[in-house]
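The structure appears below as structure tokens.
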Protein chains: 2
Amino acid sequence: MILINGVPGDSIPATDRGLLYGDGLFETIAVIAGAALNFDAHLSRLNLGCQRLGISVPGDNLLRHEASQVIGACPRGVLKIIFTRGGGGRGYRPDPELTPTRILMLQTAPDYPEENRVGGIIAGICHTRVVDQPELAGIKHLNRLPHVLARNERGQAECSESLMLDIHGRVQTGSMSNLFLLRGNTLVSPPLATIGVAGTVRQAILKIAPELGWKIVLEEMVLEDLYAADEVFLSNSLIGIWPLRALAGRALNVGKGSALLLKRLIHDGVVPP
Amino acid sequence: MILINGVPGDSIPATDRGLLYGDGLFETIAVIAGAALNFDAHLSRLNLGCQRLGISVPGDNLLRHEASQVIGACPRGVLKIIFTRGGGGRGYRPDPELTPTRILMLQTAPDYPEENRVGGIIAGICHTRVVDQPELAGIKHLNRLPHVLARNERGQAECSESLMLDIHGRVQTGSMSNLFLLRGNTLVSPPLATIGVAGTVRQAILKIAPELGWKIVLEEMVLEDLYAADEVFLSNSLIGIWPLRALAGRALNVGKGSALLLKRLIHDGVVPP
């Protein structure tokens, strides 16, 4: 089911700026037993994105209401929210009077193997770089071609996820996930100050980490740091946590830290069981 | 009038990857007396973009046929072509079996003051940076948020166009145009090897320049180079050539070179009279 500006439908005007320029935002939210997991964090990031792009913020209550309509009693799925600046006019400069377009759709949950969470995944390193852009950093906007190209590279389809480097060769992110490593009791993750997407699960992890006895260090990392780590893992709202058992052909250690963290995230209702 | 995959319509599925990820390309083409100006150059860039993104190339004859349907006998307008990877599936990795979405629409020509071409424009310098991305450089893809943010900055609405710098402080492009300066008989323009859009009019200018007695130098430039130049001007397929008479409050010289070039571009049918 899809709701477009509150009305059931399946299409948007071909003149919507979301299509013309990627002028909008989205959220991908796990649905379990009729509930959207970690919904507040997703709404909060959507609101931040609207402020950053200068788009009128949708009311949280309206989105909650429409989300419950779309989700219904769905036992397991994905709620996708797309919020664009709307349609009309010509040229990059947006008319301040535009009415944003609101799309909520329920999708089938991806059938990732449970083994990804337990035994870990094989990740690749892609050539497509993720770019520094302070104005767009952190928010989940609709300009996602680098991620599409990353996953479309030869050899990446065989990997469960692809790590993306910046132009300086620092590892910044998975194509659809945030990156962490454990070094003893220290949890390290890229700061993402001017690059990437600040994940909702990443935010939860940074809150939980001290309770697990982990010290948090947000610093840039290179591939050697990953190979030298005790554990490397990825997070997002659908996968939860995937430890890496291999990266670009080199074996990595799957430890107990990522399992402990996943258990806690499931317990807190942040990611699907 | 809008043709979507050859059929008159005005909407696209909300699940099209053009909307979800900006996974596609576009062209903006001037229409005069029922003809799309410089159409071959636009088709050629669209084909290059398809190859770079790994999208099936639309047939040139098909696009020509549909363009003539959409344009009809229109005396003056804009033909916009949008070509996306199509719809379906979930996640960044594209299904190789997707059928691309083809949108052709006729828009009203923008009513730029004729004085812009003659007396020149006031341009601003925006804070939003244009980013280096070799994989996307040159092609006209749908990820245009930086350009939207650039034109939406406070103070830029009062300017006819906004110049965009890269993170190193080099001037790379106008938000919707390519940048040139004349220094004596030398025409200088940023090389755009890893950044920006390679404009169809820019391409024509680089071909014409030697015939006007200009030596071409493609090199990076900073703002001081613009202030020190004999002439600075911008190009795109709708504006033709706009000389700069002021940049961020400093006066610039409007010389005869840009007028000569515009006359030639109009004569060659590259830009509208």
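The values are calculated or read from the model by the stated rules, or taken from the named source; none is laboratory data. Computed from a prediction, not measured in an experiment: that's the story for all the values here. Methodologically, a virtual Cβ is constructed for each residue, glycine included, from the backbone with ideal geometry; neighbour enumeration extends over all protein chains shown.
Please state which one of A:155, A:138 is crowded, with 18+ Cβ neighbours inside 10 Å, of a type in the set (Gly, Ala, Ser), farther than 30 Å from residue A:73 by Cα and out of contact with any Asp or Glu (no Cβ under 7 Å at 6 or more places or on another chain).
Checking each option against the conditions leaves just A:138.
Based on what the data block shows, is residue B:77 facing chain A (nearest Cβ under 9 Å) and free of Cβ contacts under 8 Å to residues at least 60 places away in the same chain?
no
Any idea which residue in segment B:7-38 is nearest to the other protein chains (Cβ to nearest Cβ), counting only those that are touching a residue at least 60 places away in the same chain (Cβ under 8 Å) and β-branched (Val, Ile, Thr)?
Across segment B:7-38, the extreme among qualifying residues is B:12.
Let me confirm something: among B:200, B:186, which residue is among the hydroxyl-bearing types (Ser, Thr, Tyr) and closer than 23 Å to residue B:116 by Cβ?
Testing whether each residue is among the hydroxyl-bearing types (Ser, Thr, Tyr) and closer than 23 Å to residue B:116 by Cβ leaves just B:200.
Counting just the residues of segment B:1-52 that are in a helix (DSSP H, G or I) and among the hydroxyl-bearing types (Ser, Thr, Tyr), which one comes out surrounded by the most Cβ atoms within 10 Å (Cβ to Cβ)?
Among them, the one singled out is B:21.
For segment A:118-135, indicate whether the set of residues that are farther than 30 Å from residue B:51 by Cα, in contact (Cβ under 8 Å) with a residue 12 or more places away in the chain and not hydrophobic (A, V, I, L, M, F, W, C) is non-empty.
Yes, some residue in segment A:118-135 is farther than 30 Å from residue B:51 by Cα, in contact (Cβ under 8 Å) with a residue 12 or more places away in the chain and not hydrophobic (A, V, I, L, M, F, W, C).
So, of the residues in segment A:104-115 that are touching a residue at least 40 places away in the same chain (Cβ under 8 Å) and more than 8 Å from chain B (Cβ to nearest Cβ), which turns out to be farthest from residue A:256 (Cα to Cα)?
Only one residue tops the list, namely A:104.
I'd like to verify a number: residues in segment B:62-99 that are assigned to a loop (DSSP other than H, G, I, E, B) and either within 19 Å of the chain's Cα centre (by Cα) or surrounded by fewer than 21 Cβ atoms within 10 Å (Cβ to Cβ) (or both), how many?
Qualifying residue count for the region: 14.
Among the listed residues A:144, A:151, which satisfies the condition of being under 17 Å from the mean Cα position of the chain (by Cα), free of Cβ contacts under 8 Å to residues at least 40 places away in the same chain and in the same structural domain as residue A:213 (by TED's automatic domain parsing)?
A:151
Assess whether residue B:4 counts as being under 22 Å from residue A:87 (Cβ atoms) and either free of Cβ contacts under 8 Å to residues at least 40 places away in the same chain or facing another protein chain (nearest Cβ under 8 Å) (or both).
Yes: the conditions hold for residue B:4.
Please state which of the following conditions residue A:50 fails to meet, knowing it meets all the rest: (1) more than 11 Å from chain B (Cβ to nearest Cβ); (2) farther than 19 Å from residue A:143 by Cα.
All conditions pass for residue A:50, except number (2).
Go over the candidates B:265, B:261, B:244, B:234 one by one and state the one that is surrounded by fewer than 24 Cβ atoms within 10 Å (Cβ to Cβ), of a type outside the set (Ser, Thr, Tyr) and in contact with a strand residue (DSSP E or B) (Cβ under 9 Å, 6 or more places away or on another chain).
B:265 is the lone residue from the list that is surrounded by fewer than 24 Cβ atoms within 10 Å (Cβ to Cβ), of a type outside the set (Ser, Thr, Tyr) and in contact with a strand residue (DSSP E or B) (Cβ under 9 Å, 6 or more places away or on another chain).
When the residues of segment A:178-194 are narrowed to those that are of a type in the set (Gly, Ala, Ser) and under 21 Å from the mean Cα position of the chain (by Cα), which ends up nearest to residue A:229 (Cα to Cα)?
Here the residue is A:189.
For segment B:177-191, state whether one or more residues are out of contact with any Asp or Glu (no Cβ under 9 Å at 6 or more places or on another chain) and surrounded by fewer than 23 Cβ atoms within 10 Å (Cβ to Cβ).
There is at least one residue in segment B:177-191 that is out of contact with any Asp or Glu (no Cβ under 9 Å at 6 or more places or on another chain) and surrounded by fewer than 23 Cβ atoms within 10 Å (Cβ to Cβ).
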